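Shown next, in structure tokens, is the structure this report addresses.
The values are calculated or read from the model by the stated rules, or taken from the named source; none is laboratory data. Here the structure is a predicted model, which means the values were calculated and not measured. So basically every Cβ, Gly included, is an ideal-geometry build from the backbone, and we count neighbours across all protein chains shown. Just the protein is used for accessible areas: all its heavy atoms, side chains included, with ligands, DNA and RNA removed. Shrake-Rupley method; radii C 1.70, N 1.55, O 1.52, S 1.80 Å.
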Amino acid sequence: MGEVLGGTVAAVEPFGVFVALDDGPEHPLFPGAGFITVPELSWRQIGDVSDFVRVGQRVDCEFLQFDTWNGEARLSLRALQPDPLQEFADRVGVGRRLSGRVTKLVPFGVFVEVGAGIEGLVHLSELTLEPVESPGGVVQVGDEINVVVTEVDRVRRRVVLSRVRALGGPETWTPGSGA
């Protein structure tokens, strides 16, 4: 593990990318092939793999393990890229006020993009001063909102945000507190 292998993208599939390695194991379809699963392509979410890499593209990947079942090297492009969450955690502390774009509404809150590839959750209880049953009546996807960072969990890879605190609400406001 940790070795960097170079190669050329041989095939792009919805489930991942085959790489013809400059030096690699034999493979029934692609000799000297490595395989990159979708999550190992990037730290960012990837909708369509073909939007991220193309056949014939040169890539350097970190070797993760040898898959004896498929006879291929498991690779990672992501491992050679800086982790945006760790960079975010290094420069943005708890209590920091940020502006971000709402990217997704879910029954328990909203996700807000507060940095390149960084989304945090604003729980429903932290969305408004008044209790609401769903986020749709408060914000919509694409809205720019102000939030305060309340937690950055490096291990679980999550960012927790509060719109209530950005609106000037009490630091300890909880549903039913009368605030």
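Taking the residues in the stretch 42-82 that are on the phi < 0 side of the Ramachandran plot and among the small types (Gly, Ala, Ser) as candidates, determine which candidate is nearest to the chain's Cα centre (by Cα). Here the answer is SER42.
Checking LEU161, LEU85, LEU105 one by one, the residue that is at pLDDT 95 or above and within 20 Å of the chain's Cα centre (by Cα) is LEU161 and no other.
The set of residues from the stretch 66-86 being touching a Leu at 6+ places or on another chain (Cβ under 7 Å) and assigned to a strand (DSSP E or B) comprises ALA73, ARG74, LEU75, SER76.
Could you tell me which of the residues GLU87, GLU40 is within 12 Å of VAL17 (Cβ to Cβ) and of a type in the set (Asp, Glu)?
On the way: GLU87 fails: within 12 Å of VAL17 (Cβ to Cβ).
The conditions single out GLU40.
In the stretch 47-68, of all residues being out of contact with any helix residue (DSSP H, G or I) (no Cβ under 8 Å at 6 or more places or on another chain), open to solvent by 80 Å² or more (accessible area, probe 1.4 Å) and touching a residue at least 40 places away in the same chain (Cβ under 8 Å), the one that is farthest from LEU80 (Cα to Cα) corresponds to VAL55.
Quick grid of which residues meet (1) open to solvent by 20 Å² or more (accessible area, probe 1.4 Å); (2) of a type in the set (D, E, K, R); (3) in contact (Cβ under 8 Å) with a residue 40 or more places away in the chain:
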| position | (1), (2), (3) |
| --- | --- |
| SER76 | no, no, yes |
| LEU85 | no, no, yes |
| PHE111 | yes, no, no |
| LEU121 | yes, no, yes |
| LEU129 | yes, no, yes |
| ASP143 | yes, yes, yes |
| VAL147 | no, no, yes |
| THR150 | yes, no, yes |
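Within the stretch 32-50, the only residue that satisfies the criterion of being among the β-branched types (Val, Ile, Thr) and within 16 Å of ILE118 (Cα to Cα) is ILE46.
Identify all residues within the stretch 87-109 that are touching a Leu at 6+ places or on another chain (Cβ under 9 Å) and open to solvent by 80 Å² or more (accessible area, probe 1.4 Å); write none if there are none. Please lay out each step first, then the result.
Of the residues in the stretch 87-109, the ones touching a Leu at 6+ places or on another chain (Cβ under 9 Å) are 92, 98, 100, 106-109.
Scanning the stretch 87-109 gives PRO107, PHE108.
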